[in-house]
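The values are calculated or read from the model by the stated rules, or taken from the named source; none is laboratory data. Given the structure is predicted, the values throughout are model-derived calculations rather than measurements. Using ideal geometry, Cβ is built from the backbone for each residue, glycine included, and neighbour counts are taken over all protein chains shown. Areas reflect the complete protein model, heavy atoms only, side chains present, ligands, DNA and RNA absent. Shrake-Rupley method; radii C 1.70, N 1.55, O 1.52, S 1.80 Å.
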Amino acid sequence: MHPVVYNKFEKICSEMNIEGSVLEIGSIPSNESLLCMESLRTAKKKIGLNIEGPYKFRDFKIIKGNSNSMDGLSDESFDVVLCNATLEHDKYFWKTIDEIKRVTKPGGLVVIGVPGYTYYKIERIKKYFMKIPFLNKFVLNKNLNFLFTGTLTFQIHSYPHDYYRFSMHTFKEVFFDGFENVIVESIMIPPRIIGRGTKK
């Protein structure tokens, strides 16, 4: 996990006084696990979920399971659910989102990070080019148009496959639909999008 992403999760969680139960989707038995964050040191229970396992690492355990159907986890049983760099590898990510919502307690915090795409300020150059007659031909030229219609995304990476990239709209209207206090941010280039919200 990139240190900038890890630090962002740490910052978000440090703003809370987390003393309850925490679940990390896609957890690994490594110091890079979000369950190792200093901000979670007072959590009473920390559990990871991975398609491989089970594992025991430091002060938490990782159970083997598929996040599309977390049957072994009770409804409304976690105060915090964390998920980073996992949903892009999840063929049925919407099932995982439903399960995250199910296992989170009312008032619980959910934090999700994924590679995505966003609108960069530099892309405003297209609007500038369109206003100037001798420059707009570059935007309208079918051979050069790709320079003005594309966007950067994180490279394809397999574990075992890589299916999706997400927009900030996905966070607001899909991942956190029905949540309160939703904040979505794009960090780094190419963008990693990190969103958080509390369950009603």
FRET efficiency (E52, Y92; Cβ distance; R0 25 Å; to 0.05) is 0.85
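I need the shape label for the chain. Rule: rounded when a/c is under 1.5, else prolate if a/b > b/c, else oblate, with a, b, c from the alpha carbon gyration tensor.
Prolate is the answer for the chain, as a/c is 1.5 or above and a/b outweighs b/c.
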Answer in debye to the nearest 20: the dipole magnitude of the chain about its Cα centre, from +1 Lys/Arg and -1 Asp/Glu charges placed on Cβ, is 740
For M70, M1, M168, the accessible-area ranking with a 1.4 Å probe, largest leading, is M1, M168, M70
Surpassing 25 Å at the alpha-carbon level, of the pairs K44/K101; K8/K46; K45/K172, are K45/K172
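In deg cm²/dmol and to the nearest 500, what is the mean residue ellipticity at 222 nm of the chain if only DSSP H runs of at least 4 residues count, each as -39500 (n - 2.57), divided by the residue total?
Estimated from H runs of four or more residues: -6000 deg cm²/dmol.
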Diffing the stretch 184-200: the Karplus 3J(HN,Hα) column from phi (6.51, -1.76, 1.60, θ = phi - 60°), in whole Hz with x for Gly and Pro, holds 10, 10, 9, 10, 6, 9, x, x, 10, 9, 10, x, 9, x, 10, 6, 5
Sorting V182, I12, L152 by the position of each Cα along the dipole of the chain (Lys, Arg +1; Asp, Glu -1; all at Cβ), the one nearest the positive end of that ordering is L152
In the structure shown, of K61/K95; K11/K61; K56/K200; K11/K95; K11/K64, the pairs separated by more than 26 angstrom at the C-alpha atoms are K56/K200; K11/K95; K11/K64
The extension gain from M16 to K44, computed as 0.36 nm times the residue separation minus the Cα-Cα distance, is 8.6 nm
Rounded to the nearest 10 Å², the accessible area of D75 using a 1.4 Å probe with every protein chain kept is 100
Each label sits 7 Å from Cα toward the beta-carbon; between I63 and E180 the label points are separated, in nm, by 2.8
Quick calc: nm separation of the 7 Å Cα→Cβ label points for T151 and H2 -> 1.5
Yeah, the stretch 30-84 with a ≥ b ≥ c from its alpha-carbon gyration tensor (a/c under 1.5 is rounded, else prolate when a/b outruns b/c, oblate otherwise) is oblate
For the pair S30 and I187, the simple spin-label estimate (label points 7 Å beyond Cα toward Cβ) gives in nm 1.7
